[in-house]
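Worksheet for the structure shown next.
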Amino acid sequence: MLNLDKSHKAFAEAKLYMPGGVNSPVRSYRSVGSEPPFIASASGDRIYDIDGNEYIDYVLSWGPMILGHANAEVVAALQEAVLRGTSYGAPTLLETEVAKKIQAFMPTMEMLRMVNSGTEATMSALRVARGFTGRDKIVKFVGCYHGHSDSLLVKAGSGLATFGVPDSPGVPAGAAADTITMPYNDSQAIRGLFDEQGDTIAAVIVEPVAGNMGCVPPVPGFLETLREVTEEHGALLIFDEVMCGFRASAGGAQKLYGIIPDLTCLGKIVGGGMPMAVFGGRKDVMSCVAPAGPVYQAGTLSGNPIAMTAGLATLSVLQRDPTIFRRVEAATKELCEGLERLGEAAGVPVTVQRVGSMFTLFFHDGPVCNFDDASVCDMEAFKTFFHYNLEHGIYYAPSQYESNFVSVMHNPKEIEKTLAVAEEAFHLLK
Ligand code: PMP
């Protein structure tokens, strides 16, 4: 049995000070009916808790750590950077360097702005889309999560799905009134919507690979349809690649599927584990942003030198060694094929979905194409599988509605160990 005595004590104390003892809901493990290990440190593909337990980490801070934890080059760059001061609130050379790097990976980012979280990136991208088009309505998809801003907290997957909260109290009816939700991967529905009210829609925002109802790839034709109908009706297409950017491929989902959005949001990997995200895209659209244009957006710590340093170091490593993407993807593929094979061999109905280096093991017989499919997974089987793995040193995301991630530090030995534990866990579920 895993000893988490210190973590349990720490959690009890944390709950006195922070709602649910955490600063982001899914961390609480409420979804799996237990309590979380408190983390002391992380290195490479491993994460260590305060009780002295060691885990192979497939959460990777919910995606950012594609190079593994505490990458030597990123750490060295940060150590140097802090000596120069941690924030100036003034322009630096670093910001332009980071912008250039991002553009090298994603040429559709003709102009961009740095912010501090994915939530800010999507919220600001929507404001820009509304300002640019002079329209109010936006379209999002059921099960896609774009952060916790009011107008996007509608049928939003991830933590909301985990806790069964379809919409949050505190979101004014008016803020959600202009948000139209549509089923993911349903091209016909979106065509119907645009036929009826396309000329009132400012933007469609989508996770081009959904990650927040578990990993759900777009079906052929879905993203193409979004591109077509938005263009036809003068609406903008916003790709929220906060999760799938640098995961679906080096150039994100847009490169993988060959679709050019008007705006893109990035986060997670782009900040190398620091609070940093980006929105950007078409120059004519981004020229609306203050002070170049009238759409207001700002941030005291935006573009701060420490976040920029972590992002720049991470992107530099990725740019210098393009084999990283190939290697991470190969490791993820091996893991996913193994999980599916072992599940089948044990007679447990599972479907493993993967795009690049993000994946979800669904306790579902057959493909998961949308939120309805995800929500009929066997959640009890998921919990049993999750707990067995945690107890045996494998750290997966504590919800069926999440993606897992692999880093370049996960080598064949770790994958083999992960599969050995999975095999035992599947046998429990027979
Ligand atoms: N968009 C997507 C696709 C995400 O996965 C997330 C976070 N998981 C966000 C936006 C929000 O990012 P943050 O948590 O940094 O606000």
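Site pair ILE39 and ASP150 shows an inter-label distance of 3.2 nm when each label is modelled 7 Å from Cα along Cα→Cβ. What the Cβ-Cβ distance of GLU13 and ALA290 gives, at R0 = 45 Å and to the nearest 0.05, is a FRET efficiency of 0.55.
Could you please rank MET18, MET65, placing first whichever residue has the fewest other Cβ atoms within 10 Å of its Cβ?
MET18, MET65
Taking a threshold of 21 Å on the Cα-Cα distance, which of the pairs LYS6/LYS383; LYS101/LYS268; LYS101/LYS283; LYS155/LYS255; LYS100/LYS140 fall above it?
On the way: LYS6/LYS383 23 Å; LYS101/LYS268 15 Å; LYS101/LYS283 17 Å; LYS155/LYS255 27 Å; LYS100/LYS140 30 Å.
The answer is LYS6/LYS383; LYS155/LYS255; LYS100/LYS140.
Each residue, ASN3 and LEU428, gets one label point 7 Å from its Cα in the Cβ direction; the gap between the two is 2.0 nm.
Which shape class, rounded, prolate or oblate, goes with segment 227-335 when its Cα gyration tensor gives a ≥ b ≥ c as root eigenvalues, a/c under 1.5 marks rounded, and past that a/b bigger than b/c marks prolate? Write out the running numbers ahead of the final one.
Details: a/c = 2.77, a/b = 1.24, b/c = 2.23.
Here segment 227-335 falls in the oblate category.
Across segment 276-430, C-alpha contacts under 8 Å between residues 6 or more apart give a mean separation that, scaled by the residue count, equals a relative contact order of 22 percent.
Counting only residues at least eight positions apart within a chain, or on another chain, the aspartates and glutamates with an alpha carbon under 18 Å from that of LYS430 are GLU340, GLU344, ASP365, ASP378, GLU380.
Within a straight-line Cα-Cα reach of under 12 Å, LYS15 can be paired with the following aspartates and glutamates, leaving aside sequence neighbours fewer than 8 residues apart in one chain: GLU35. Ranking of CYS336, CYS377 by neighbouring Cβ atoms within 10 Å, starting from the fewest: CYS336, CYS377. Ordering LEU153, LEU335 from the fewest to the most neighbouring beta carbons within 10 Å gives LEU153, LEU335.
DSSP bridge analysis restricted to the chain gives an antiparallel fraction near 60%, rounded to the nearest 5.
From the helices alone, meaning DSSP H stretches of at least four residues, give me the mean residue ellipticity at 222 nm for the chain, per-run term -39500 (n - 2.57), in deg cm²/dmol to the nearest 500.
Details: 15 runs with 170 residues, N = 430.
Helix contribution divided over all residues of the chain: -12000 deg cm²/dmol.
For segment 14-120, the square roots of the Cα gyration tensor eigenvalues, ordered a ≥ b ≥ c, give a/c of at least 1.5 with a/b greater than b/c, which places it in the prolate category.
Decide, for segment 73-320, between rounded, prolate and oblate: order the square roots of the alpha carbon gyration tensor eigenvalues as a ≥ b ≥ c, take rounded if a/c falls under 1.5, and otherwise choose prolate if a/b is larger than b/c, else oblate. All intermediate terms of the calculation are to be shown ahead of the outcome.
Working: a/c = 1.65, a/b = 1.60, b/c = 1.03.
Because a/c hits 1.5 or more and a/b exceeds b/c, segment 73-320 counts as prolate.
Every number in this text was worked out from the coordinates using simple rules, so none of it is lab data. What you are looking at is a predicted structure, and each value in this text was computed from that prediction instead of being measured. All Cβ positions, even for glycine, are placed from backbone atoms using ideal geometry, and neighbour counts span all protein chains on display.
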